[in-house]
Amino acid sequence: MSMRVRRRRPPCPTSAVVVSSLNCAATPAACLLSALLTNCESEESGMAEGKSTEFKPRVIVFCCNWCAYAGADLAGVSRMKISPHFRVVRTMCSGRVDPELILQAFVNGADGVMVAGCHPGDCHYLEGNYRAMRRVAFLKKLLGSMGMDPERLELQWISAGEGVRFQEVVNAFVERIQGLGPNPFGPGANATPREAGSSRAAGEMEQPGV
Ligand code: FES
């Protein structure tokens, strides 16, 4: 008689990622991002079946639990009109978003990644958002040196009461990514040495609201 042994999946290495809608908090972060992007793609292909060949970007927004996520929630319950081309990953703090996780999102096919946290001075873990600021600046340089447009990565400060701001920054970011086109390093893409149309020098960063 053979017995089937059920293997437990390893825990999420970041311990910070929770995607309640997919009920997969216990999967590794890489799987989670991949699942999220696949979910994004399948929902959209279902909606647009046989209708349009227009590029639909896949954007990941890492939201800190205490401010940006609450802002996203407010935008949702207020029924604000937001682009359908993004998925939220909730983390406890923007400083908890590991650079590897951001790169993993791009490797898994995200066309753009936004990190959204509390305004400077408001981080519930004191300095997490300053850490996020340094990491995003570093990653922008890295992406630029790899030939990817650094504008595919964005850092924003959004408070719990700023539902309108969440709507505005996400819509503007999705529109920008739509203009940049598909991720040149995503699965199945033909990577080019340099992205065309990069208006900003590699690594040059705009500091939101500072
Ligand atoms: S708790 Fe929001 S950025 Fe740290």
- Message: Going residue by residue through the range 157-164, is there one that turns out to be closer than 24 Å to E100 by Cβ and modelled with pLDDT of 95 or more?
- Response: yes
- Restricted to the range 130-171 and to residues being more than 13 Å from the ligand (Cβ to nearest atom) and among the acidic types (D, E), the residue nearest to V59 (Cα to Cα) is E154
- Task: Could you give me the residue pairs with C-beta distances under 6 Å whose first residue belongs to the range 114-132 and is closer than 18 Å to L101 by Cβ, whose second residue is among the hydroxyl-bearing types (S, T, Y) and near the ligand (Cβ under 7 Å from one of its atoms) wherever it lies, and which are 6+ apart or on separate chains?
- Result: V115/S94; G117/S94; G128/S94; N129/S94; A132/S94
- Residues (of a type in the set (A, V, I, L, M) and either part of a loop (DSSP other than H, G, I, E, B) or within 14 Å of the ligand (Cβ to nearest atom) (or both)) located in the range 52-66: V61
- Here the qualifying pairs (Cβ atoms under 6 Å; residues six or more apart or on different chains; first in the range 164-184 and outside any helix (DSSP H, G or I); second among the hydroxyl-bearing types (S, T, Y)) come out as P184/T192
- Message: Scan the range 118-129 and tell me whether some residue there is part of a loop (DSSP other than H, G, I, E, B), within 16 Å of the ligand (Cβ to nearest atom), hydroxyl-bearing (S, T, Y) and more than 28 Å from G186 (Cβ to Cβ).
- Response: yes
- Given (1) in a loop (DSSP other than H, G, I, E, B); (2) surrounded by fewer than 16 Cβ atoms within 10 Å (Cβ to Cβ), index of the condition E100 fails: (1)
- Flagged in the range 67-94 as surrounded by 21 or more Cβ atoms within 10 Å (Cβ to Cβ), assigned to a loop (DSSP other than H, G, I, E, B) and either of a type in the set (S, T, N, Q) or more than 14 Å from the ligand (Cβ to nearest atom) (or both), in numbering order, are H85
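The values are calculated or read from the model by the stated rules, or taken from the named source; none is laboratory data. For clarity, every value in this text was computed on a predicted model and none was experimentally measured. Heads up, the Cβs are rebuilt from the backbone with ideal geometry, glycines too, and the neighbour counts pull from every protein chain shown.
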